[in-house]
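A quick write-up on the structure given underneath.
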Amino acid sequence: MAKTSRFQQSREARRGAQFSKFKLAELNLVPLVDTLVSIVFFALVTAVVGELAPVVAGVTLPESSVGGNALQQLTLGVGAQVTVANTPVMSTVDAAQAQSNMPGQPLLIPQLYTVLKERADSIRSQRGTPATDPVDQPLAIQGDKTMHYDLLSRIMQTARLAGFKNISLQVKRVGGASNT
């Protein structure tokens, strides 16, 4: 081994002092990469599929709102019975088998139409609106899990023909603070 002279040692000490401010700082990138991966993961997991799907050109999607006051809505229930405002109208089987009596409207359920038309006319007379105007009071449909889509379609068409324009479907909220 070669011995270093006192001159070389002093020169290395001067250089060490001169370049000490240029020492390489260590940067630990593992936590930064973990954080970025976590952000990307949660962004992808929580992304709503509807927001990722492109909107067809020329189509304007409707807007929705959450949390309307259920007490201000007329409720139509579909279980074993079809009920309007907790008043039984007909059985669900009868509603599914009912034949339309209105030409050009094969989906109409006549007995339900009569009840909904009376409600719509009552709301119009209370508000003083013309009989030809649609009713702006919301109609909430509460359907049983086992209800068939064809019956739901007929009920919604009947409500529309009776004059209701704001029709919503209610579901039971799960996993939240309250169930509605």
task: Find all pairs meeting these conditions: Cβ atoms under 6 angstrom apart; at least six residues apart or on different chains; first residue within segment 88-102 and without any contact (Cβ under 8 Å) to a residue 40 or more places away in the chain and on the phi < 0 side of the Ramachandran plot; second residue loosely packed, with under 12 Cβ neighbours inside 10 Å and not charged (D, E, K, R).
output: Ser100/Pro106
- prompt: If you go through segment 80-111 one residue at a time, how many are in a helix (DSSP H, G or I), exposed (fewer than 14 other Cβ atoms within 10 Å of the Cβ) and among the aliphatic types (A, V, I, L, M)?
  reply: 1
task: Tell me, please, whether a residue that is surrounded by fewer than 18 Cβ atoms within 10 Å (Cβ to Cβ) and of a type in the set (Gly, Ala, Ser) can be found in segment 133-141.
output: yes
message: I'd like to verify a number: residues in segment 100-159 that are of a type in the set (S, T, N, Q), over 30 Å from the mean Cα position of the chain (by Cα) and over 17 Å from Gly79 (Cβ atoms), how many?
response: 9
- prompt: Does segment 154-173 include one or more residues that are at pLDDT below 90 and part of a helix (DSSP H, G or I)?
  reply: no
- prompt: Which one of these is farther than 30 Å from Asn86 by Cβ, surrounded by 10 or more Cβ atoms within 10 Å (Cβ to Cβ) and modelled with pLDDT of 85 or more: Arg11, Arg6?
  reply: Arg11
Subset tally (residues that are part of a helix (DSSP H, G or I) and either acidic (Asp, Glu) or closer than 17 Å to Ala85 by Cα (or both)) for segment 127-153: 1
- line: Residue set Leu61, Leu32, Leu44; condition at pLDDT below 85 and outside any loop (DSSP other than H, G, I, E, B); output residue Leu44
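The values are calculated or read from the model by the stated rules, or taken from the named source; none is laboratory data. If you're wondering where the values come from, they're calculated on a predicted model, not measured in any experiment. As a convention, Cβ positions derive from the backbone with ideal geometry for all residues, glycine included, and neighbour counts pool all protein chains shown.
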